[in-house]
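Structure record follows, encoded as structure tokens.
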Amino acid sequence: MRPLLLLVAILVAGCASFDGRGLAPGQSTSGDVERVMGAPAERRQVGGETWLYYPRQPFGRKTFVARVGADGRLVALEQRLTDENIAKIVPNTTRAEQVRELLGPPWAAGHYANLDRNVWTWHMRHFGDPGIPVQLNVQMSPDGVVREVYILDESDTDNRSLAFF
């Protein structure tokens, strides 16, 4: 019975596209997006668009955002966990809501009571794909302002590094 359940789980997982392959901006509809990529983890209204978030965490190390226009058509499909987007997060300036909109839902969220910081964590690839597997930690104070951004090397090397922004 277990092998049958495992086979069914694999087949069901295989029905959803990891990266939205086959979707075409200007042609595909929001229904097409959900048929191809599955149900989004989160929906947000940004301007006149609806953004559908598809995190592929932790092992996929990507979060895709399908931006759908008011007409219901796909405007763009974007991979959000990039070095370029991380550079947009400015400590003591960027707010938590801006980070959430930029990167989508974190893989994990926690609170460091001793520091009085909320921390959101994503897994991504530094320097593109294949790049270096890293853990991105964004720490925010109670007022919702980003205070620290850390990138932790998760590669198999003994030379683990820590980058601060």
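The values are calculated or read from the model by the stated rules, or taken from the named source; none is laboratory data. Values in this document were obtained by computation on a predicted structure and should not be read as measured data. All Cβ positions, glycine included, derive from the backbone under ideal geometry; neighbour counts span all protein chains shown. For the accessible areas, the whole protein counts, side chains as well, though only heavy atoms, and no ligand, DNA or RNA atoms are used. Shrake-Rupley method; radii C 1.70, N 1.55, O 1.52, S 1.80 Å.
Structural remarks
- Looking across region 68-86, the residues that are without any contact (Cβ under 8 Å) to a residue 24 or more places away in the chain, over 15 Å from the mean Cα position of the chain (by Cα) and open to solvent by 50 Å² or more (accessible area, probe 1.4 Å) come down to Ala70, Asp71.
- Scanning region 48-103 for residues that are of a type in the set (S, T, N, Q) and out of contact with any helix residue (DSSP H, G or I) (no Cβ under 8 Å at 6 or more places or on another chain), we see that the one that is farthest from Gly26 (Cα to Cα) is Asn92.
- Thr121 vs. criteria under 13 Å from the mean Cα position of the chain (by Cα) and without any contact (Cβ under 8 Å) to a residue 24 or more places away in the chain: yes
- Some residue of region 9-25 being open to solvent by less than 50 Å² (accessible area, probe 1.4 Å), in contact with a strand residue (DSSP E or B) (Cβ under 8 Å, 6 or more places away or on another chain) and either at pLDDT 95 or above or not in a loop (DSSP other than H, G, I, E, B) (or both): yes
- Taking residues in region 16-39 that are at positive phi, and partners anywhere that are modelled with pLDDT of 95 or more and basic (Lys, Arg), the pairs with Cβ atoms closer than 8 Å and at least 6 places apart or on different chains are Gly26/Arg73.
- Number of the exception - Pro130 against (1) more than 15 Å from the chain's Cα centre (by Cα); (2) surrounded by 13 or more Cβ atoms within 10 Å (Cβ to Cβ); (3) closer than 25 Å to Ala41 by Cα: (2)
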